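Engineer: To start, I am sharing the structure in question, which I have written as structure tokens.
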Amino acid sequence: MKSVISHQLSTRQLDVLQQVGDILAPGYGQLPSFSETGCLHHIDEVLDFTSKQNIKELKNLLTCLSFLPSRCIPLFISSLNTLSHIPGFIGQQCRLGFWGVKGLIFSLYYSNLTDPYQNTSRVYDAINYHVSCQPITQSNVIIKNNQES
């Protein structure tokens, strides 16, 4: 991983988030892995719109995970997902943790943002997602109406 600088997360927390990202978005076929996209460089942009309490809880979770051996992190993520299906307080907390981290990872992954050293993340190309916008003009409306007739 090229050095990612965050004003909200420590290097240790970023390393764990990178590992979790590669677990949830490992890359397959044309899709790049989470770490290959370089999207973690934009973590502060996502966290700027996150509540302080959620950031505090994320930091606590990532700090705890940073003390686990790397091979235990996939087991923890899998357990969190499994436990999220049980009713009650424990299941609720596991759901919050799992979906919160998963949402953060996929928000970054599908943002199509890359590290400063890449031109494209290849995620949009891999899923064939290309958006283009054009202004609505009178001729566009007439052509569309004629095609519907």
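Engineer: What chymotrypsin sites (Phe, Trp or Tyr not before Pro) does the stretch 1-96 have in DSSP loop regions with at most 15 other beta carbons within 10 Å?
Structural biologist: Working: sites: 28, 34, 49, 67, 76, 89; in loops: 49, 67.
Passing both the DSSP loop test and the Cβ count: 49, 67.
Engineer: While we're looking at this one, here's another question. Hand me the tally of lysine pairs in the chain: alpha carbons under 23 angstrom apart, and the pair either on different chains or 8 or more positions apart.
Structural biologist: On the way: 2/59; 2/102; 52/102; 56/102; 59/102.
Here the count comes out as 5.
Engineer: When the chain is fully extended, how far beyond the present Cα-Cα distance does residue 111 get from residue 137, taking 0.36 nm per residue of separation? Mind showing how you got there, number by number?
Structural biologist: On the way: separation 26, 0.36 × 26 = 9.36 nm, distance 2.96 nm.
Full extension from residue 111 to residue 137 adds 6.4 nm.
Engineer: Using 0.36 nm per residue of separation minus the Cα-Cα distance, give me the extension gain between residue 3 and residue 93 in nm, one decimal.
Structural biologist: Values: separation 90, 0.36 × 90 = 32.40 nm, distance 3.18 nm.
Full extension from residue 3 to residue 93 adds 29.2 nm.
Engineer: Could you give the length gained by full extension between residue 82 and residue 54, i.e. 0.36 nm per residue of separation minus their alpha carbon distance, to one decimal place?
Structural biologist: Numbers: separation 28, 0.36 × 28 = 10.08 nm, distance 2.18 nm.
Roughly 7.9 nm would be gained on extension.
Engineer: When the helices in the chain are scored as -39500 (n - 2.57) per DSSP H run of 4 or longer and the sum is shared across all residues, what 222 nm value do you end up with, to the nearest 500 deg cm²/dmol? Can you show the working numbers first?
Structural biologist: On the way: 8 runs with 85 residues, N = 149.
Here the helix-only value at 222 nm equals -17000 deg cm²/dmol.
Engineer: Express the relative contact order of the chain as a whole percentage, based on alpha carbon pairs under 8 Å and six or more residues apart in sequence.
Structural biologist: Working: 133 pairs, mean separation 43.2, N = 149.
Relative contact order here is 29 percent.
Engineer: About the Cα centre of the chain, what is the dipole size in debye to 20, counting +1 per Lys and Arg Cβ and -1 per Asp and Glu Cβ, all else neutral? If you can, show how the numbers build up before the last one.
Structural biologist: Details: 10 positive and 10 negative charges, 75 e Å.
Using only the charged Cβ atoms, the result is roughly 360 debye.
Every number in this text was worked out from the coordinates using simple rules, so none of it is lab data. Remember, predicted model here, so these are calculated numbers, not experimental data. Neighbour counts run over all protein chains shown; Cβ positions are idealised from the backbone, glycine included.
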